[in-house]
Amino acid sequence: MGHPTIIQGGMGVAVSSWQLAQSVAKTGQLGVVSGTALDTVLVRRLQLGDLDGDARRVMAQFPIPDVAEQVLEKWFIEGGKDPDAPFALIPKPKFPLRRDFLELLAIGNYVEVMLAKEGHEGVVGINFLEKIQIPTLASLYGAMLAGVNYVLMGAGIPREIPGAMDAFAEGRPAFLSITVDGAQKGDDFKLTLDPAEFGWPRPVHRPYFLAIVASVSLATMLSRKASGHVDGFVIEREKAGGHNAPPRGRMQLDERGEPIYGPRDIVDLNQIHELGRPFWLAGACADRASIEEVLALGGNGVQIGTTFALCRESGLDPEIRAELLAGAAVGGPKVRTDPLASPTGFPFKVVELEGTMADQAVYESRDRICDLGYLRTPFRKENGGVGFRCASEPIKSFIAKGGEEQETVGRRCLCNGLLSTVSIGQSLKGGGREIPIVTSGDDYTLAQKLMELHGGTYSAADVIDHLMGVDLAAAESSVRSEASTVEAATLPTP
């Protein structure tokens with residue numbers, strides 16, 4: 001099987017929903033679900049009553065039946081919770097993870113991937129963030145149980161993920177080293193997941209692994225020193241949405257307070273090609289010219305996010321989507337690369353919409369709270385254990401855990417904000433919902449064109465149909481034919 005030309009990017013928390021990934025996969029391209037916070041996504045859907053029955057239908061197929069039964073018993077509310085009642089929260093993870101937390105992560109990822117794979121023979125991927133390490137092993141295991149075809153990972157250096165995938169596929173325990181602030185020589189902060197210890201089944205196959213990188217040096221290091229085989233690369237430029245890699249060298253800001261990217265940040269695709277792995281380009285490349293350019297350089301195609309985020313099948317709240325489409329119709333809404341918004345410390349693209357976390361006054365009206373904790377930073381406690389702090393939590397609490405007050409300036413609660421962006425935000429005690437935060441890439445050109453062609457809105461299939469033509473399909477076929485011998489020798493069969 002050849003690799004797809006177009007990868008639909010993994011976006012936000014459930015913006016890249018199973019509905020979107022399924023629609024893209026049905027066209028023969030790679031549909032990708034976001035792997036972020038899928039435990040919370042599942043339990044909130046269950047608390048809303050799972051009115052269409054999709055989650056429960058797939059949970060019934062989960063190969064560890066007692067886990068599915070326990071999750072339903074604890075979280076499902078027949079008919080849905082009262083609209084003004086708050087969602088019950090999953091306890092924030094600790095180190096190491098409890099078994100019930102591992103089970104919820106596994107089934108949450110299983111459900112999203114299985115739903116995306118229903119009703120077609122296409123390929124589905126899942127996107128994880130290296131910066132969110134604590135849930136990764138159990139999430140990866142659940143996705144592999146569902147037969148995910150590709151695993152994509154960025155926002156860090158995912159050096160140990162290929163080896164973890166190998167371990168699960170071979171029935172061995174998987175390990176993941178945890179980055180801990182203040183770690184000392186001799187410390188060994190590592191998560192272990194051995195499915196056999198719990199009597200869990202072995203996944204059927206090992207997916208392809210694609211590392212999302214922003215430099216030749218990182219791609220080269222991963223190709224040589226990763227714990228297992230890296231099957232390809234997504235080369236992400238700074239115009240892509242979500243988290244961006246910081247500029248190389250000392251961070252400098254322009255007059256808008258955005259990071260300045262320069263010549264050192266331009267990736268030489270010829271050098272990427274020399275690594276002998278499939279690769280895709282991401283970041284303002286939703287056009288035929290970009291695809292043809294990558295194919296001509298020996299690559300496989302492009303990854304596209306923003307255009308898919310605005311299509312009908314994405315998980316975006318309908319009102320937010322409508323506002324973004326209105327902005328796209330006149331050239332695109334204002335998007336700012338905010339160097340401070342994300343607690344991870346990575347630059348983060350923020351769409352400047354009124355009433356969202358992009359509005360400083362609106363955000364300052366919100367009580368600082370960290371009740372989800374996905375982006376918390378592990379730190380070494382005085383007793384040698386692991387604690388967690390988040391630059392978006394209450395400032396006094398952050399400082400008490402060893403953080404510096406200056407680290408809290410400008411931070412946003414992405415966890416709660418992104419859940420609100422897909423209509424499952426927390427209800428607040430004083431009324432209303434958590435404030436959303438919206439991210440996208442810089443380029444709305446294709447979205448604007450598709451709106452003109454399709455009467456104001458468009459589908460995922462419309463995106464693919466517009467980009468894939470007869471001449472491009474012929475070029476794609478030629479590239480795949482030339483590369484098939486190399487790929488057959490180096491890549492596992494999904």
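Mind counting the residues in the range 1-21 that are under 15 Å from the mean Cα position of the chain (by Cα) and outside any helix (DSSP H, G or I)? Final tally of qualifying residues: 11. Can you report the number of residues in the range 145-169 which are in a loop (DSSP other than H, G, I, E, B) and acidic (Asp, Glu)? Final tally of qualifying residues: 1.
The strands (runs of 3 or more DSSP E) found wholly in the range 335-390 and carrying at least 2 residues that are among the aliphatic types (A, V, I, L, M) and touching a strand residue (DSSP E or B) at 6+ places or on another chain (Cβ under 8 Å) occupy 348-351.
Of all residues in the range 367-382, those that are touching a residue at least 24 places away in the same chain (Cβ under 8 Å) have Cβ atoms under 6 Å from Cβ atoms of residues that are surrounded by 17 or more Cβ atoms within 10 Å (Cβ to Cβ) and among the aromatic types (Phe, Trp, Tyr), 6 or more apart or on another chain, in 376/388; 378/388.
Taken over the range 362-402, the criterion of being among the charged types (D, E, K, R), surrounded by 20 or more Cβ atoms within 10 Å (Cβ to Cβ) and farther than 21 Å from residue 87 by Cβ is satisfied by 389 alone.
Taking residue 340, is it within 25 Å of residue 135 (Cα to Cα) and within 23 Å of the chain's Cα centre (by Cα)? Considered against the rule, which asks whether it is within 25 Å of residue 135 (Cα to Cα) and within 23 Å of the chain's Cα centre (by Cα), residue 340 comes out as yes.
Scanning the range 229-266 for residues that are out of contact with any Pro (no Cβ under 9 Å at 6 or more places or on another chain) and surrounded by fewer than 21 Cβ atoms within 10 Å (Cβ to Cβ) yields 237, 239, 248, 249, 250, 254, 255, 256, 263, 266. Looking at the range 96-122 only, could you name the residues that are farther than 16 Å from residue 25 by Cα and acidic (Asp, Glu)? Listed by number, the residues that qualify are 100, 103. Of all the listed residues (14, 85, 60, 25), the sole one being at positive phi and among the aliphatic types (A, V, I, L, M) is 14. In summary, residue 173 fulfils each of the numbered conditions (1) farther than 28 Å from residue 262 by Cα; (2) at pLDDT below 95; (3) touching a Ser or Thr at 6+ places or on another chain (Cβ under 7 Å) with the single exception of condition (2).
For residue 24, the requirement of being crowded, with 24+ Cβ neighbours inside 10 Å, of a type in the set (Val, Ile, Thr), in contact with a helix residue (DSSP H, G or I) (Cβ under 7 Å, 6 or more places away or on another chain) and not in a helix (DSSP H, G or I) is not met. On inspection, residue 277 fails the criterion of being surrounded by fewer than 18 Cβ atoms within 10 Å (Cβ to Cβ) and either under 30 Å from residue 112 (Cα atoms) or modelled with pLDDT under 95 (or both).
The single condition from (1) surrounded by fewer than 21 Cβ atoms within 10 Å (Cβ to Cβ); (2) more than 18 Å from the chain's Cα centre (by Cα); (3) of a type outside the set (Lys, Arg) that residue 167 fails is (1). Among the residues of the range 178-195, just one is surrounded by 14 or more Cβ atoms within 10 Å (Cβ to Cβ) and free of Cβ contacts under 8 Å to residues at least 24 places away in the same chain, namely 194. Across the range 65-86, the qualifying residues are those that are touching a Gly at 6+ places or on another chain (Cβ under 9 Å) and not acidic (Asp, Glu), and the one among them that is surrounded by the fewest Cβ atoms within 10 Å (Cβ to Cβ) is 79.
When you scan the range 30-45, do you find a residue that is free of Cβ contacts under 8 Å to residues at least 60 places away in the same chain, part of a helix (DSSP H, G or I) and crowded, with 19+ Cβ neighbours inside 10 Å, even just one? Talk me through it step by step, then tell me what you get.
Just the residues of the range 30-45 that are free of Cβ contacts under 8 Å to residues at least 60 places away in the same chain, to begin with: none.
No, the range 30-45 contains no residue that is free of Cβ contacts under 8 Å to residues at least 60 places away in the same chain, part of a helix (DSSP H, G or I) and crowded, with 19+ Cβ neighbours inside 10 Å.
On the basis of being more than 27 Å from residue 177 (Cα to Cα), in a helix (DSSP H, G or I), modelled with pLDDT of 95 or more and within 24 Å of the chain's Cα centre (by Cα), does residue 115 make the cut? Here the answer is yes, as residue 115 does meet what is asked.
Taking the range 336-351 as the region of interest, how many residues are of a type in the set (A, V, I, L, M, F, W, C) and touching a Phe, Trp or Tyr at 6+ places or on another chain (Cβ under 9 Å)? Reasoning before the result, please.
Quick first cut of the range 336-351, residues of a type in the set (A, V, I, L, M, F, W, C) only: 340-341, 346, 348, 350-351.
Narrowing the set further to residues that are touching a Phe, Trp or Tyr at 6+ places or on another chain (Cβ under 9 Å) leaves 340-341.
Residues in the range 336-351 being of a type in the set (A, V, I, L, M, F, W, C) and touching a Phe, Trp or Tyr at 6+ places or on another chain (Cβ under 9 Å): 2 in total.
Residue 287 satisfies every condition listed in (1) farther than 21 Å from residue 19 by Cα; (2) free of Cβ contacts under 8 Å to residues at least 60 places away in the same chain; (3) of a type in the set (D, E, K, R); (4) buried (at least 17 other Cβ atoms within 10 Å of the Cβ) except (2).
For the subset of the range 411-427 comprising residues that are in a loop (DSSP other than H, G, I, E, B) and in contact (Cβ under 8 Å) with a residue 12 or more places away in the chain, which member is surrounded by the most Cβ atoms within 10 Å (Cβ to Cβ)? Quick ask: steps written out before the conclusion?
Step one: of the range 411-427, the residues in a loop (DSSP other than H, G, I, E, B) are 411-413, 422-426.
From what's left, in contact (Cβ under 8 Å) with a residue 12 or more places away in the chain: 411-413, 422-424, 426.
Numbers: 411: 23, 412: 24, 413: 27, 422: 23, 423: 17, 424: 23, 426: 19.
Result: 413.
Taking the stated definitions as given, is residue 47 at pLDDT 95 or above and in contact with a Lys or Arg (Cβ under 7 Å, 6 or more places away or on another chain)?
Working: at pLDDT 95 or above: yes; in contact with a Lys or Arg (Cβ under 7 Å, 6 or more places away or on another chain): yes.
It is true that residue 47 is at pLDDT 95 or above and in contact with a Lys or Arg (Cβ under 7 Å, 6 or more places away or on another chain).
Only residues that are farther than 28 Å from residue 147 by Cα, of a type in the set (A, V, I, L, M, F, W, C) and in contact with a Phe, Trp or Tyr (Cβ under 8 Å, 6 or more places away or on another chain): list them for the range 72-94, please. Result: 88, single match.
Listed conditions (1) within 30 Å of residue 301 (Cβ to Cβ); (2) free of Cβ contacts under 8 Å to residues at least 12 places away in the same chain are all met by residue 53, apart from (1).
The values are calculated or read from the model by the stated rules, or taken from the named source; none is laboratory data. What you see is a predicted model, and the numbers here were worked out from it, not measured in a lab. Positions of Cβ are backbone-derived with ideal geometry, glycine not excepted, and every protein chain shown enters the neighbour counts.
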